[in-house]
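The values are calculated or read from the model by the stated rules, or taken from the named source; none is laboratory data. These figures come from a predicted structure and were not determined experimentally. Cβ coordinates were reconstructed from backbone atoms using ideal geometry, including for glycine residues, and neighbour counts include every protein chain displayed. The protein model used for the area step is the full one, side chains on, heavy atoms only, and it has no ligands, DNA or RNA in it. Shrake-Rupley method; radii C 1.70, N 1.55, O 1.52, S 1.80 Å.
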Amino acid sequence: YPGVVAGFYDRAFLALPHEVLTTTLVHHQHYFPVVTGAGELKEAFLAVVNTQPADERLIAKNAERVVAARLRDAKFFWESDRKTTLESRLERLHTLLFHKKAGSYRDKAERISALADWIARGPLASPAEAAHAADAGRLAKADLTTDMVFEFTELQGTIGGIYARQEGLPEQVWKAIYYQYLPIGVEADAPPTRDQLGTAAVAWAAVSLADKVDTFVSLTKAGERATGSRDPFGLRRQMQGAVRILMD
């Protein structure tokens, strides 16, 4: 018989990006973040328990202890990762294998960069955005070498965009990195929205298309195929996302 208890954490953790806080609470602890009427995160969360607790604070204190430990880890990763720029992480991508027949993630990053540049100049007819698309494509996978992504895999791409923003990179670059894995769904209102993208719409479209097309083509050439019952690399989803971008 479910019940709900409320817990709290140190306000100092609100200095972390809200994406990090919500990932910690939702994906790792299965708790509900609490926001103000204006949509700002509060230093509180709700936890569902399988009973009507006689002593809510006892259960809440245990939950708070776990949340505090996870947030301390996240704070450490946040501070540690930012000591190294995304650009300086590119060489480390050689150590991460994309596919044995398609090279490392550094190889993939170079392909994405070149393809995003071409897509911006040609199909999207926006040569002025080509340099931003190329830069974002080159840096798009750099966050795979960060401690944050190692511990919180759900943040890949997202945290790379946040780090790029912290480094002062242009909006076109950091937003293209931030939203690179989207859209996931094929629905007409699948994010990101035009308002979310702002001036980065062309750079994002070029990078996201380049990444999806490269994944599909390179893995297909490597002999990976989507079948009626098996699609371990999500090739259908990659192409559905590409079609959604082109339709938009």
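Regarding Glu19, is this residue within 28 Å of Ala142 (Cα to Cα), open to solvent by 50 Å² or more (accessible area, probe 1.4 Å) and among the acidic types (Asp, Glu)?
For Glu19, the condition - within 28 Å of Ala142 (Cα to Cα), open to solvent by 50 Å² or more (accessible area, probe 1.4 Å) and among the acidic types (Asp, Glu) - is not met.
Among the candidates Ala226, Ala188, which residue alone is among the aliphatic types (A, V, I, L, M), surrounded by fewer than 16 Cβ atoms within 10 Å (Cβ to Cβ), without any contact (Cβ under 8 Å) to a residue 12 or more places away in the chain and not in a helix (DSSP H, G or I)?
Values: Ala226 fails: surrounded by fewer than 16 Cβ atoms within 10 Å (Cβ to Cβ).
Of Ala226, Ala188, the one residue that is among the aliphatic types (A, V, I, L, M), surrounded by fewer than 16 Cβ atoms within 10 Å (Cβ to Cβ), without any contact (Cβ under 8 Å) to a residue 12 or more places away in the chain and not in a helix (DSSP H, G or I) is Ala188.
Quick one: is Met247 open to solvent by less than 70 Å² (accessible area, probe 1.4 Å), aliphatic (A, V, I, L, M) and over 16 Å from the mean Cα position of the chain (by Cα)? First the steps, then the outcome.
Values: open to solvent by less than 70 Å² (accessible area, probe 1.4 Å): no; aliphatic (A, V, I, L, M): yes; over 16 Å from the mean Cα position of the chain (by Cα): yes.
The answer is no for Met247.
I'd like to check something: does the range 53-71 contain any residue that is in contact with a helix residue (DSSP H, G or I) (Cβ under 6 Å, 6 or more places away or on another chain), more than 30 Å from Ala206 (Cβ to Cβ) and not in a helix (DSSP H, G or I)?
yes
Can you tell me how many residues in the range 1-25 are closer than 12 Å to Val48 by Cβ and without any contact (Cβ under 8 Å) to a residue 40 or more places away in the chain?
0
Looking at Ile177, Ile162, which one is open to solvent by less than 10 Å² (accessible area, probe 1.4 Å), β-branched (Val, Ile, Thr), at pLDDT 95 or above and under 19 Å from Leu115 (Cβ atoms)? Give the steps one after another, and end with the answer.
Values: Ile162 fails: under 19 Å from Leu115 (Cβ atoms).
After applying the criteria, what remains is Ile177.
Per-residue answers, yes or no, for (1) in a helix (DSSP H, G or I); (2) of a type in the set (A, V, I, L, M, F, W, C); (3) surrounded by fewer than 15 Cβ atoms within 10 Å (Cβ to Cβ):
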site: Asp195; (1), (2), (3): yes, no, yes
site: Trp204; (1), (2), (3): yes, yes, no
site: Leu209; (1), (2), (3): yes, yes, no
site: Leu219; (1), (2), (3): yes, yes, no
site: Arg230; (1), (2), (3): no, no, yes
site: Gln238; (1), (2), (3): yes, no, no
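Restricting to the range 118-148, what's the tally of residues that are open to solvent by 30 Å² or more (accessible area, probe 1.4 Å), in a helix (DSSP H, G or I) and either of a type in the set (A, V, I, L, M, F, W, C) or under 18 Å from Thr199 (Cβ atoms) (or both)?
Adding up the residues that qualify gives 9.
Which one is farthest from Tyr163 (Cα to Cα) among residues in the range 60-102 that are crowded, with 16+ Cβ neighbours inside 10 Å and small (Gly, Ala, Ser)?
Applying the filter and picking the extreme gives Ala60.
Being part of a helix (DSSP H, G or I), over 15 Å from Glu19 (Cα atoms) and at pLDDT 95 or above is the requirement here; does Gln172 meet it?
yes
For the range 35-45, indicate whether the set of residues that are more than 30 Å from Leu219 (Cβ to Cβ), open to solvent by 50 Å² or more (accessible area, probe 1.4 Å) and not in a loop (DSSP other than H, G, I, E, B) is non-empty.
yes
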